[in-house]
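One structure below.
Since every read-out is calculated from the coordinates, none of them should be taken as a lab result. A quick note: this is a predicted structure, and the numbers were derived from the prediction, not measured. With ideal geometry, Cβ positions are generated from the backbone for all residues, glycine too; neighbour counts draw on all protein chains shown.
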Amino acid sequence: MPKLCAFVVFGIAFAKFSQPVSRGKSILVSPTLCGHEPTQVVAFRLINVRKHAVLEPNIKVFIVTPQNGRLPLFLEVPFTLSIPIEFLELPQTVSVPLSQVPPDRKLNAMLVVIFSAGDPASGNSFEVRKTFSLEHDVLWGKDFAPLIGGSQSLETISARVSLDLNRFYKYIDSDESRCPDWAPDC
């Protein structure tokens, strides 16, 4: 009996402390931003590839610009979500306006995304961070390729939706294909 209790305690402890690292890897963030010049908006995509929802999801987005000889300037910026963040099992597009970044600082600026949530299986919090360079990591005039396929019938209450995760890293041409004046060759 004492060995059984030891194994149970070990199993609970292992499950409690081993989940957060692997849980963060189940949140995919696009490797590049899609940019739209007329509106000066960039967007990234994220999705929870596990079937299990996360608890209390939260996103923060910062524009970080270097200062000559001083600490960088951190500016938390507003963003819009394509769907409520609680439905992260579907592809989420997060759009960030660049209107708060002065034009002379956009080339050196970084967009930092911090996603945090809780894992319902372990009760632990986890965090995913992604940094994008506004100079090198923006595909101007591109949009994200659609991921959702399937069918929906008005006669049935439930809808079948399938996601093609192979298209997560694919992009399509946008209607707004111009590059902004401040961007290098694109």
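Descriptive notes on the structure:
- Seen from every direction in turn and averaged, the convex hull around the alpha carbons of region 40-117 projects onto 5.7 nm².
- Near-label residues of region 46-60 by backbone N, under 14 Å of a point 7 Å along Cα→Cβ of K25: 49-50
- Computed log₁₀ I(q)/I(0) - Debye formula, equal Cα scatterers, no solvent, region 22-173, q 0.09, 0.20 Å⁻¹: -0.33, -1.29
- Our note on the geometry: Cα centres of region 119-139 and region 64-96, 10 Å apart.
- Taking 7 Å steps out from each Cα toward its Cβ at E56 and K130 produces label points 2.4 nm apart.
- For region 19-145, the residue among T80, L98, Q67 whose Cα projects farthest onto the positive side of the dipole built from Cβ charges is Q67.
- Order of K142, K106 under a 10 Å beta carbon neighbour criterion, fewest first: K106, K142
- Peptides 122-131, 32-41, 72-81, ordered by how many other C-beta atoms sit within 10 Å of their residues on average, highest first, read 32-41, 122-131, 72-81.
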